[in-house]
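Undergrad: My structure is below; once you've seen it, I'll send some questions.
The values are calculated or read from the model by the stated rules, or taken from the named source; none is laboratory data. Fair warning: this is a prediction, and the values are worked out from it, not measured in the lab. Glycine also receives a Cβ, built like all others from the backbone with ideal geometry; neighbour counts cover every protein chain displayed. Each accessible area value is taken on the protein alone, full model and side chains, heavy atoms only, with ligands, DNA and RNA left out. Shrake-Rupley method; radii C 1.70, N 1.55, O 1.52, S 1.80 Å.
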Amino acid sequence: MKINHTKKEAALTIALEGRLDTTTAPELEADLKESLKDITALTFDFSGLEYLSSAGLRVLLSAKKVMARQGEMKITHASELIMEIFEVTGFNDILTIE
């Protein structure tokens, strides 16, 4: 998985490419611990994300909890497959998806 950051003041966009699964979720989790300091708006760009596992969902939920205290979080450009995963798990009711 590839993680790309774009930061403008207190807004951070993280673009993910590849698979967010059991193998790569710890990498994103560690990245977020450092990246979310002083961030009030977090956007995940999923245009390059091919697969999302339960481990990836856990990392997203953790990020959502952090951002609920600091500001806002949204997900953009989710594919049909990723949207289906969100719908089946109920995450589409928890996360802001555009």
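Undergrad: Just checking, how many residues over region 25-50 are in contact with a Gly (Cβ under 7 Å, 6 or more places away or on another chain), open to solvent by less than 30 Å² (accessible area, probe 1.4 Å) and hydroxyl-bearing (S, T, Y)?
TA: Of the residues in region 25-50, 0 are in contact with a Gly (Cβ under 7 Å, 6 or more places away or on another chain), open to solvent by less than 30 Å² (accessible area, probe 1.4 Å) and hydroxyl-bearing (S, T, Y).
Undergrad: A further question follows. For region 2-15, give me each residue that is open to solvent by 60 Å² or more (accessible area, probe 1.4 Å), in contact with a strand residue (DSSP E or B) (Cβ under 8 Å, 6 or more places away or on another chain) and either among the basic types (K, R) or in contact (Cβ under 8 Å) with a residue 24 or more places away in the chain (or both).
TA: Answer for region 2-15, where residues must be open to solvent by 60 Å² or more (accessible area, probe 1.4 Å), in contact with a strand residue (DSSP E or B) (Cβ under 8 Å, 6 or more places away or on another chain) and either among the basic types (K, R) or in contact (Cβ under 8 Å) with a residue 24 or more places away in the chain (or both): K2, H5, K7.
Undergrad: Ok, one more. Tally time: how many residues in region 53-67 are open to solvent by less than 30 Å² (accessible area, probe 1.4 Å) and more than 10 Å from the chain's Cα centre (by Cα)?
TA: Here the count works out to 3.
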